[in-house]
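Accompanying notes for the structure given below.
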Amino acid sequence: VRSRGLGDVYKRQGTRRSTSPWVFESSGNMAGHVTNIHKSLERFKAASGVNFAFVPHDLRRTCASMLAQQGVSRLVIKKILNHKDKDVTAVYDRYGYEREKREALEIWGRQILNISSPDMTHMIEQSA
């Protein structure tokens, strides 16, 4: 997951030392980002004391639901989740929906930041 916005917020909060463009960065591989979210999630649970049933798929479900709640089209959500479109028209539609996906993920990023840092709401709205 790349996010210039989240990285900027981490820097403003003083919680981010890296210049990596990845939200879930990793120095343990050549890609520079987490490639196994399960391991990262287990480390997070252990470090934070979070003790409830939670799987990475919950993030996808929550993201899709919250984007729909914010008015993002189901087609754009499907593209973000990388679901295959079995509609006949999809065979002819070669458009990548990059702008729409970026806009939707910016909405998602603002929601996450507002949830995790309510005191920073004014900063998030200004950068939108």
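The values are calculated or read from the model by the stated rules, or taken from the named source; none is laboratory data. Source: prediction; values computed, not measured. We place every Cβ from the backbone using ideal geometry, glycine too, and count neighbours over all the protein chains shown. Surface areas here come from the heavy atoms of the whole protein model, side chains and all, with no ligands, DNA or RNA. Shrake-Rupley method; radii C 1.70, N 1.55, O 1.52, S 1.80 Å.
Hey, what's region 28-109 come to in accessible area per residue, 1.4 Å probe, Å²?
Per residue, region 28-109 has an accessible area of 76 Å².
Which cross-chain or sequence-distant (5 or more) residues have an amide H under 5 Å from the amide H of H33, H modelled 1.01 Å from N in plane?
Here the answer is S26, since their amide H atoms fall under 5 Å of that of H33.
Provide the gained length on full extension for the span E42 to S26, in nm with one decimal, where the gain is 0.36 nm per separating residue minus the Cα-Cα distance.
4.3 nm is the gain from fully extending E42 to S26.
Between D87 and S116, what's the calculated FRET efficiency when r is the beta-carbon distance and R0 is 30 Å? Round to 0.05.
Efficiency at R0 = 30 Å is approximately 0.25.
Stretched out fully, how many nm does the piece from Q70 to D58 gain, at 0.36 nm a residue minus the Cα gap?
Between Q70 and D58, full extension yields an extra 2.5 nm.
Based on Cα positions only, what radius of gyration and what Dmax would you give for region 54-103, in angstroms?
When restricted to the Cα atoms of region 54-103, Rg and Dmax are 11.9, 38 Å.
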